[in-house]
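Q: Below you will find the structure I want to go over with you.
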Amino acid sequence: MPVPKGAQLPATHKKPSYPIRPGLRDYLNRFKRERDLPLTYERLRNFQEGFPLTDPEGRPTLWDTVIYSQAEMYELNQALKQVYAVLKVNGDFSVMKHLYVDRIDFCTFGNSTPFRIRIVNAYNDNQDYFYIKQADASRIYGLELEHLLSPNRLNFLSHGSTLVEEHVAGIPGDVFIDRWLTGRDLRPVRVAKELVKFNERCFLRLLGDMRSYNFVFVVTPDFEDAQLRIRAMDFDQQSYDGRKNFYLPQFFVENAPLAKFCAKHLREETAHQYAREEQTLLLQRAELASVRLNHLLTEMSSEPLSTPEKIGTLRAALADHFERKEYEQCQSMGALVQENIRSLRLRLDHQVDLRAGGPE
């Protein structure tokens, strides 16, 4: 991968929601993602009113804090605490009796129109969040691919048409760009290195729309300086768009400061090294999770998850990128992800053969 440069992609359009089909439901049951829950997304939609939520500086956010009837609130709060217990401790509510629901927020922006639940420990005021959303098959595929192919583990549950996700903690990308990017506390090369690696992860598994407000920076203090990792926190645009560059975060206008920063602080050879490191790790993760990943991609390949036009456009672009005509046989987004993994494995194996003096 070259050093990231430029940012050219326009805004995206809202995609349709795809239902969870029996094959994916079987997968979710097999790997303990499908669980009985005491409430549904639709029940949360029955709020009476809402008012805009502002940030600590008093600026408006994309969220509204919602209010329910007094008669509904007690049972709703109990149900939300039970959901949190299922998500965190396999349903053992006995260790969570001291928790209470402090606030319920609702967002109309994006595809999943989520509810965000703030839950607080009554003994020490420590707070945590989780999300309840409309279940969408492509989003679930995105969550599972993140869990299996990235260095990050994701905890989520489904129940019919309801999806529950844990909070992904970190500094939102747009906030990081504004307040941290030019600070003295972080080594510039580590920021640039992580953007290169994040590009590789998104591209291989076709996670799109990674604009700055759809991912977070996780900063981990180390004995020398600090380590960084970029984590996706929005999976609405998993394998839907037909543009190849849509799956490379460096090309979004919102990420232009990061792309320019990366180009400034990385040599071409170094960027190639970091890309190769992440590609190797991606294949290792795929091998370690091969049974589960193959099951997931088999189900994903049986669903289009996009339009024939978009699949065709992306198929042609990927065939050209990897120089492999095998892409012409792919009729779904899942098949394209499978072919990406095969293409990467063949490319790295070929390069190993060349270094070992094998056939060209």
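Q: Go through the range 199-212 and give me each residue that's of a type outside the set (Asp, Glu) and within 12 Å of the chain's Cα centre (by Cα).
A: Residues satisfying the conditions are 201, 202, 205, 206, 207, 208, 210, 211.
Q: Can I ask one more? Could you identify the single residue in 284, 351 that is of a type outside the set (Gly, Ala, Ser), surrounded by fewer than 14 Cβ atoms within 10 Å (Cβ to Cβ) and over 24 Å from the mean Cα position of the chain (by Cα)?
A: Exactly one residue qualifies, and that residue is 351.
Q: To continue, here is another question. Being outside any helix (DSSP H, G or I) and of a type in the set (A, V, I, L, M, F, W, C) is the filter here, so list the residues in the range 59-79 that pass it.
A: Across the range 59-79, the qualifying residues are 62, 63, 66, 67.
Q: Quick one: is residue 230 over 30 Å from residue 260 (Cβ atoms), in contact with a strand residue (DSSP E or B) (Cβ under 7 Å, 6 or more places away or on another chain) and of a type in the set (A, V, I, L, M, F, W, C)?
A: Judged against the criteria, residue 230 is not a match.
Q: When both residues are 6+ apart or on different chains and their Cβ atoms are under 8 Å apart, which pairs have a first residue that lies in the range 37-57 and is of a type in the set (Ser, Thr, Tyr), and a second that is assigned to a loop (DSSP other than H, G, I, E, B)?
A: Pairs that qualify, where the first residue is of a type in the set (Ser, Thr, Tyr) and the partner is assigned to a loop (DSSP other than H, G, I, E, B), are 40/160; 40/161; 41/135; 41/161.
Q: Only one of 316, 335 is closer than 27 Å to residue 136 by Cβ, open to solvent by 40 Å² or more (accessible area, probe 1.4 Å), of a type in the set (A, V, I, L, M) and without any contact (Cβ under 8 Å) to a residue 60 or more places away in the chain; which?
A: Selected residue: 316, the only one of 316, 335 that is closer than 27 Å to residue 136 by Cβ, open to solvent by 40 Å² or more (accessible area, probe 1.4 Å), of a type in the set (A, V, I, L, M) and without any contact (Cβ under 8 Å) to a residue 60 or more places away in the chain.
Q: While we're looking at this one, here's another question. Could you grab the pairs with beta carbons closer than 8 Å, sequence gap of 6+ or different chains, first residue in the range 255-284 and over 23 Å from residue 339 (Cα atoms), second one surrounded by fewer than 17 Cβ atoms within 10 Å (Cβ to Cβ) and among the charged types (D, E, K, R)?
A: Short answer, once both residue conditions are applied: 259/5; 260/5; 263/5.
Q: Residue check: is residue 206 open to solvent by less than 20 Å² (accessible area, probe 1.4 Å), under 22 Å from residue 242 (Cα atoms) and touching a Leu at 6+ places or on another chain (Cβ under 7 Å)?
A: Here the answer is yes, as residue 206 does meet what is asked.
Q: Would you check if residue 296 is buried (at least 21 other Cβ atoms within 10 Å of the Cβ) and more than 25 Å from residue 175 (Cβ to Cβ)?
A: When the stated conditions are applied, residue 296 passes them.
Q: Pick out the one residue from 308, 249 that is of a type outside the set (Lys, Arg) and in contact (Cβ under 8 Å) with a residue 24 or more places away in the chain.
A: 249
Q: So, in the range 187-197, of the ones that are assigned to a helix (DSSP H, G or I) and not aliphatic (A, V, I, L, M), which residue ends up surrounded by the fewest Cβ atoms within 10 Å (Cβ to Cβ)?
A: Taking the candidates together, the pick is 188.
Q: Testing residue 269 on (1) at negative phi; (2) within 20 Å of the chain's Cα centre (by Cα), one condition comes back false. Which one is that?
A: (2)
Q: Something else now. At least 3 residues that are surrounded by 14 or more Cβ atoms within 10 Å (Cβ to Cβ) and in contact (Cβ under 8 Å) with a residue 60 or more places away in the chain in each: list the strands (runs of 3 or more DSSP E) lying fully within the range 80-184 that qualify.
A: Result: 127-134, 156-159, 162-166.
Q: What's the number of the only condition in (1) modelled with pLDDT of 95 or more; (2) in contact with a helix residue (DSSP H, G or I) (Cβ under 9 Å, 6 or more places away or on another chain) that residue 351 fails to meet?
A: Against the list (1) modelled with pLDDT of 95 or more; (2) in contact with a helix residue (DSSP H, G or I) (Cβ under 9 Å, 6 or more places away or on another chain), residue 351 comes up short only on (1).
Q: Among the numbered criteria (1) open to solvent by less than 90 Å² (accessible area, probe 1.4 Å); (2) assigned to a loop (DSSP other than H, G, I, E, B); (3) under 21 Å from residue 135 (Cβ atoms), which single criterion is violated by residue 36?
A: Every listed condition holds for residue 36 apart from (1).
Q: For the range 251-281, what are the residues that are open to solvent by less than 10 Å² (accessible area, probe 1.4 Å) and in contact with a Gly (Cβ under 9 Å, 6 or more places away or on another chain)?
A: 255, 258, 259
Q: Pull out all pairs, ordered by first then second residue, where Cβ-Cβ is under 7 Å, the residues are six or more apart or on different chains, the first lies in the range 189-210 and is more than 12 Å from residue 232 (Cβ to Cβ), and the second is of a type in the set (D, E, K, R).
A: Partner pairs satisfying both residue conditions: 194/229; 197/278; 200/278.
Q: I need the full set of residues from the range 211-225 which are surrounded by fewer than 20 Cβ atoms within 10 Å (Cβ to Cβ) and either in contact (Cβ under 8 Å) with a residue 60 or more places away in the chain or among the β-branched types (Val, Ile, Thr) (or both), in order please.
A: Correct list: 218, 219, 220.
The values are calculated or read from the model by the stated rules, or taken from the named source; none is laboratory data. Just so you know, these numbers come straight off a predicted model, no measurement behind them. Every residue, glycine among them, receives a Cβ derived from its backbone with ideal geometry; neighbour counts consider all protein chains shown. Heads up: the accessible areas ignore ligands, DNA and RNA and are worked out on the full protein's heavy atoms, side chains in. Shrake-Rupley method; radii C 1.70, N 1.55, O 1.52, S 1.80 Å.
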